[in-house]
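First up is the structure itself, then whatever we jot down about it.
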Amino acid sequence: MLDVVKEINEKRHSAVIIMESGEQFWLTWTQLQEHEPFAVGLEVDTDELRQWLLVRQYPMALNDAVTLLAQRAQSSGEIRQKLRRKLYMEDTIEMVLYKLEKERLMDDEAFARDWAASRARCQVGRSRILRELRMKGIPQELAQHALDELDEDEGDQAAIALAAKLLRRYSGEADERKSMQKLLAAMARRGYGYEESKRAIETAISRMETV
């Protein structure tokens, strides 16, 4: 496909070639030196450019992705987003994600399961965990499956522990009704539903009374 160079934004070690179609190509300084010179108004076969750039971007993008995974486990959605911010082509990103999945360096199902369990232990409710997983690019079905695998009793105990902590925080409120409203609102912000919060609060109060 033929397209025309509309703009060239040069940086210290790279440049972004912007085509009239709106497509953009990011090239390092070394790649710019390897390729035939770009100029505003130059007609370029973008299919050929894409293929030429793919083999040069791929090892760089793969190294960046592995570095990110070495820092902490991440979902494919997170890796995709971060590589996009680095201006890698979509074809490059797809190749990297395929390689990571094939080598089992990245597993969205395991990531979702571990994230959900960790957040539940940190006294975060299911609705917020679900939102977090979706924001990280985890598909709805995988995210819901991770929630379904959570230990229900462990989740209840975490909710009760949070309710007890919040009860101590709002214990000085003169208006008991307002105190309860604040407590329920705080539980909701952590992702707990009304009924779940109510049960946790009642249990926490019962335990405090028996101490």
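Quick notes
- When only alpha carbons of the chain are considered, Rg and Dmax amount to 25.3, 81 Å.
- Positive dipole terminus of the stretch 30-75, leading residue within Gln57, Thr67, Gln33 (C-beta point charges): Thr67
- Against the main long axis of the alpha-carbon atoms of the chain, helix 194-210 sits at an angle near 50°.
- For the stretch 83-211, accessible area per residue (1.4 Å probe, heavy atoms of protein chains only), Å²: 62
- Angle in degrees between helix 76-85 and the longest Cα principal axis of the chain, rounded to the nearest 10: 50
- Qualifying trypsin sites (Lys or Arg not before Pro) in the stretch 2-39, DSSP loop, other Cβ atoms within 10 Å at most 16: Lys11, Arg12
- Carbon plus sulfur fraction of accessible area for the stretch 55-110, probe 1.4 Å, in percent: 50
- Spatial separation of Cα centroids for the stretch 114-161 and the stretch 41-58, in angstrom: 43
- Rg and Dmax [Cα atoms of the stretch 1-95; Å; Rg one decimal, Dmax integer]: 14.1, 44
- Pairs of lysines in the chain whose Cα atoms sit within less than 25 Å of one another amount to 16, provided the residues are eight or more positions apart or on different chains.
- Computed over the stretch 44-125, Kirkwood Rh from alpha-carbon pairs, angstrom: 13.9
- Helical content of the chain, expressed as a calculated mean residue ellipticity at 222 nm, amounts to -21000 deg cm²/dmol (DSSP H runs of 4 or more residues, -39,500 (n - 2.57) each, divided by residue number, nearest 500).
- Sequentially through the stretch 124-137, phi angles give Karplus couplings (6.51, -1.76, 1.60; θ = phi - 60°) of 10, x, 4, 5, 6, 4, 4, 4, 4, 5, 5, 5, 8, x Hz, Gly and Pro residues having no value and appearing as x.
The values are calculated or read from the model by the stated rules, or taken from the named source; none is laboratory data. Keep in mind that what you see is a predicted model, and the values were worked out from it rather than measured. Because the Cβ atoms are built from the backbone with ideal geometry, glycine has one as well, and the counts that use them run over all protein chains shown. What goes into the accessible areas is simple: the full protein's heavy atoms, side chains included, and nothing from ligands, DNA or RNA. Shrake-Rupley method; radii C 1.70, N 1.55, O 1.52, S 1.80 Å.
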